[in-house]
Amino acid sequence: MYRKELKAFPDGFLWSASTSAYQVEGAWDEEGRGPIAIDLKEDLPEGTSDYKHGVDHYHRFKEDIALMAEMGFRAYRFSIAWSRIVPDGDGEINQAAIDHYHEVIDELRKHNIEPIVTMFHFDTPAALEAKGGWAQRETADAFVRYSEILFKEYGEKVKYWLTINEQNMMILHGPTIGVFPADTTEQQLNQYNHNMFVAQAKTMAMLHEMHPQAKIGPAPNIAYVYPASSKPEDVIAADNYNAVRNWLYLDLAVRGEYNSLAWSIMEEKGTTPEIADGDMEILKSAKPDFIAFNYYNTATVADAPFGGGASERSEAADQQISEGEEGIYKAVSNPNLGMTEFGWEIDPVGMRMTYRAIWDRYHLPLIVTENGLGAFDKLTDDGRVHDDYRIDYLRQHLEQTQEAISDGVDVLGYSPWSAIDLISTHQGIAKRYGFIYVDRDEFDLKTLDRYRKDSFFWYQELIKTNKLPAKDWKPTYSQN
């Protein structure tokens, strides 16, 4: 529908931005941190750097938080590295890491920035992976223990907790992301998924018992799925993919039950996970306070009869590609949408649809924990980055966020990807998302100096006024 007037962003709206530990911190082997699987990964995409140095946020967090405060951040979504806190995943606690994250959280609070802590972001300790990783219930138990450590240490300081980042992307695209071996079977992935949900449910119940004032929620990547046409078979295919990509993960997190369509598809393929006695009761015990979700684009699918192929999309779209599966859905491109330089479709209106769909199913407050544009940013000779394309992208998605708020959706905040340039999952440092430019390239750390992009000043103005700047807005650079 079209509205003559939109509701304003709510007072106290959590204007934020996001990072993850393994992509931003660096210091991969310092002060007792244990390795994670991605640290040991050798088959990185050609021409891209590893994650070992990140952008040195571990050492420069005070400088970076000061820049966030200058922008006006009301919150900062970041992850704590499990293998820093417990280097082997389930053994001795590393006090240096405990102290470090106290410093980070205290620095945020000093600047009146609310910490939003992700507990797990693609970084299973390598020692646990060597024992079978999430296929083993021992890993789920180790995660619950790790969570308890976090709650004991930081529970009085942190109001908002996120359990597992993009669990659905790990299950659907784990080998592509680099978190699971390439030969992992679908049945194994479904078992990983189940074990993660059991761990998450125990963690949610634990936080509510230990710190009733705190709030916790899941953080999947949700992309509403369109049918390629009004053909009924295409609509069925879209319903199939919505179930296996989106609702399976939120139904388990929020309702504590398997989505019936997704389960029937697993039964058809013989890939259902093993469910131990008491698991379903544990899943039911989880009561999230909100839903965090990452949104980059929608998906479009068509009917996929056997023998007709599973995808018409290019594999250049990395983890966002909908690979398709004969008999269930065929991945197709949406001719109505533009694309980023990296082959990801851009669909701001689809974000409004995604808000509405999640709200309609679950009626829990929502917070966007990733949304952003990866691009080949260029630093000018005078230390500027003119990223009008990013400003336009963010504006369009925030316009649709305001539409969703006007539609009646309860939106707590917006935390785009990313606060600062970091190492992308696929294209290294060349694919930049941040409001803050970092002076390094793939294999030369250079100065690691920080530079404010034009989008930095745009977001600063947005937060200060709590409304979108005029479309003819231009930066004045008076702040630096």
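What does the extension gain come out to for residue 6 and residue 239, with contour length at 0.36 nm per residue minus their alpha carbon separation?
On the way: separation 233, 0.36 × 233 = 83.88 nm, distance 3.04 nm.
Fully extending the segment from residue 6 to residue 239 adds 80.8 nm.
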Here, residue 69 and residue 380, labelled 7 Å along Cα→Cβ, have an inter-label distance in nm of 2.9 nm
Measure off 7 Å from each Cα along the Cα-to-Cβ vector at residue 110 and residue 281, then give the distance between these two points in nanometres to one decimal.
4.8 nm
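Could you work out how much longer the chain between residue 323 and residue 44 gets when fully extended? Use 0.36 nm per residue separation minus the Cα distance between them, nm to one decimal. Don't skip to the end; give the middle numbers.
Working: separation 279, 0.36 × 279 = 100.44 nm, distance 2.08 nm.
Result for the pair: 98.4 nm of gain on full extension.
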So what's the net charge close to residue 205: Lys and Arg +1, Asp and Glu -1, counting the other residues with Cβ under 14 Å from its Cβ?
-1
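May I ask you to give the percent of accessible area on the range 145-270 that is carbon plus sulfur, with a probe radius of 1.4 Å?
Values: 2170 of 4350 Å².
Heavy-atom surface of the range 145-270 belonging to carbon and sulfur, 1.4 Å probe: 50 percent.
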Filter the chymotrypsin sites (Phe, Trp or Tyr not before Pro) in the range 337-430 to those in DSSP coil with at most 15 other Cβ atoms within 10 Å of their Cβ, and list the result.
376
Taking Rh as the Kirkwood radius computed over C-alpha pairs, what is the Stokes-Einstein D of the range 260-382 at 25 °C in a medium of viscosity 0.890 mPa s, expressed in µm² per second?
138 µm²/s
Quick P(r) readout (the range 334-480; Cα-Cα; 5 Å bins; whole %) gives 2, 9, 18, 20, 19, 16, 11, 5, 2, 1, 0
Probe radius 1.4 Å, ligands and nucleic acids ignored: give me the carbon and sulfur share of the accessible area of the range 3-126 as a rounded percent.
45 percent
Per the rule of 0.36 nm per residue minus the C-alpha distance, extending residue 136 to residue 255 adds in nm 40.5 nm
With every protein chain kept in place and a 1.4 Å probe, the chain has an accessible area per residue in Å² of 38 Å²
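What fraction of the Cα pairs in the range 1-159, stated in percent, has a spacing above 18 angstrom? It would help to have the intermediate numbers written out before the result.
On the way: 7780 of 12561 pairs.
I get 62 percent for the Cα pairs in the range 1-159 exceeding 18 Å.
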Computed Rg/Rh of the range 102-188, alpha carbon atoms with Kirkwood Rh:
1.05
Cα convex hull volume per residue for the chain (Å³)
142 Å³
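Given the -39500 (n - 2.57) contribution per DSSP H run of 4+ residues, what per-residue ellipticity at 222 nm results for the chain, rounded to the nearest 500 deg cm²/dmol?
Values: 14 runs with 171 residues, N = 480.
Result for the chain: -11000 deg cm²/dmol, rounded to the nearest 500.
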Relative contact order in percent for the chain (Cα pairs under 8 Å, 6+ apart) equals 17 percent
Mind giving me the nanometre distance, one decimal, between the label points for residue 356 and residue 444, set 7 Å out from Cα along Cα→Cβ?
5.0 nm
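Mind checking the dipole of the chain: about its Cα centre, +1 per Lys or Arg Cβ, -1 per Asp or Glu Cβ, Debye to the nearest 20? Provide the component values of the computation, followed by the final result.
Values: 47 positive and 77 negative charges, 352 e Å.
Rounded to the nearest 20 debye, it is 1700 debye.
The values are calculated or read from the model by the stated rules, or taken from the named source; none is laboratory data. A quick note: this is a predicted structure, and the numbers were derived from the prediction, not measured. All Cβ positions, even for glycine, are placed from backbone atoms using ideal geometry, and neighbour counts span all protein chains on display. Surface areas here come from the heavy atoms of the whole protein model, side chains and all, with no ligands, DNA or RNA. Shrake-Rupley method; radii C 1.70, N 1.55, O 1.52, S 1.80 Å.
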